[in-house]
Amino acid sequence: MISNQTIQLAKKVCNYLKMDQKLETVDCILVLGSYDERVAKRGAELYLQGYAPLLVFSGGMAELIAKEDWHEAEADHFKKIALKMGVPEKDILVENKSANTGENILFTQKLFKQKNIDPQSFIVVQKPYMERRAYATFKKHWPEKKVLVTSPQLAFEDYPCPGHTLERIINIAVGDMQRVKVYAEKGYQIFQEIPEDVWQAYEQLVEMGYTEHLIKE
């Protein structure tokens with residue numbers, strides 16, 4: 001049983017990681033691969049609502065996916081979801097080799113060059129607690145483009161999904177919080193200011209043992 005204190009600390013971290021940007025129409029919706037099918041559905045919904053004429057899925061067989069009962073790349077799996085929802089195949093592109101957020105962006109750039117297209121504005125779709133890192137990584141690799149980030153519209157309590165308990169979600173979010181700081185220092189993404197109370201909440205969660213997805217600094 002996860003204590004109320006732990007939940008409040010996790011909410012503070014996740015509320016920081018979720019940017020809650022107001023969306024507007026763009027040239028391209030870029031959906032980053034994930035174990036959570038709700039990310040694919042969010043991207044497809046935005047296309048169907050007219051936010052962009054092009055829907056791109058990016059993601060290969062990442063570590064978390066390899067542990068699931070999936071036998072195909074994230075992007076290929078997500079494309080099938082979008083097609084079932086009514087997105088025309090002609091408006092979908094797939095990049096299915098990337099294994100991390102940086103590669104999502106870099107490999108998508110290569111795909112666009114191959115297709116001879118050059119979208120200027122994007123909505124990037126990820127899980128709620130990965131919004132900020134997705135934004136920071138995109139701006140590092142594609143600073144001249146306009147980008148907004150979004151995610152499935154969920155309350156914190158609804159983040160868990162099949163195969164991913166709340167405890168596992170907290171572990172992943174703590175790992176993402178660490179990466180916001182460490183990856184900026186390593187030059188993988190742009191710097192973003194972290195409020196002191198958010199960092200303290202992160203440190204408390206680490207002390208409580210939520211360390212499964214931390215990287216060695």
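Scanning region 25-49 for residues that are farther than 22 Å from Glu72 by Cα and assigned to a loop (DSSP other than H, G, I, E, B) yields Thr25, Val26, Asp27, Gln49. Please go through region 187-205 and pick out each residue that is in contact with a Gly (Cβ under 9 Å, 6 or more places away or on another chain) and open to solvent by less than 50 Å² (accessible area, probe 1.4 Å). Hit for region 187-205 is Gln189, nothing else.
Across region 78-97, not a single residue is classified as of a type in the set (A, V, I, L, M, F, W, C), in contact with a Lys or Arg (Cβ under 8 Å, 6 or more places away or on another chain) and modelled with pLDDT under 95.
Out of the residues in region 1-24 meeting the condition of being β-branched (Val, Ile, Thr) and part of a helix (DSSP H, G or I), tell me which one is most open to solvent (accessible area, probe 1.4 Å).
First pass over region 1-24, keeping only residues β-branched (Val, Ile, Thr): 2, 6-7, 13.
Those still in the list that are part of a helix (DSSP H, G or I) too: 6-7, 13.
Details: Thr6: 9, Ile7: 40, Val13: 1 Å².
Here the residue is Ile7.
Applying a threshold of 7 Å to beta carbon distances and a minimum spacing of six or more residues, or different chains, the list of pairs starting in region 148-175 at a residue that is of a type in the set (Phe, Trp, Tyr) and ending at one that is open to solvent by 50 Å² or more (accessible area, probe 1.4 Å) and modelled with pLDDT of 95 or more reads Phe156/Lys11. What is the one condition in (1) surrounded by 15 or more Cβ atoms within 10 Å (Cβ to Cβ); (2) in contact with a strand residue (DSSP E or B) (Cβ under 9 Å, 6 or more places away or on another chain) that Tyr210 does not satisfy? All conditions are met except number (2). Just checking, does region 23-39 include any residue being within 17 Å of the chain's Cα centre (by Cα) and without any contact (Cβ under 8 Å) to a residue 60 or more places away in the chain? No, region 23-39 contains no residue that is within 17 Å of the chain's Cα centre (by Cα) and without any contact (Cβ under 8 Å) to a residue 60 or more places away in the chain. With a requirement of 3 or more residues that are out of contact with any His (no Cβ under 8 Å at 6 or more places or on another chain) and under 16 Å from Leu17 (Cβ atoms), the strands (runs of 3 or more DSSP E) lying completely within region 90-192 that satisfy it span 146-150.
The values are calculated or read from the model by the stated rules, or taken from the named source; none is laboratory data. Note that this is a predicted model, so its numbers are computed, not measured. Virtual Cβ from ideal backbone geometry, glycine too; neighbours counted across all protein chains shown. The protein model used for the area step is the full one, side chains on, heavy atoms only, and it has no ligands, DNA or RNA in it. Shrake-Rupley method; radii C 1.70, N 1.55, O 1.52, S 1.80 Å.
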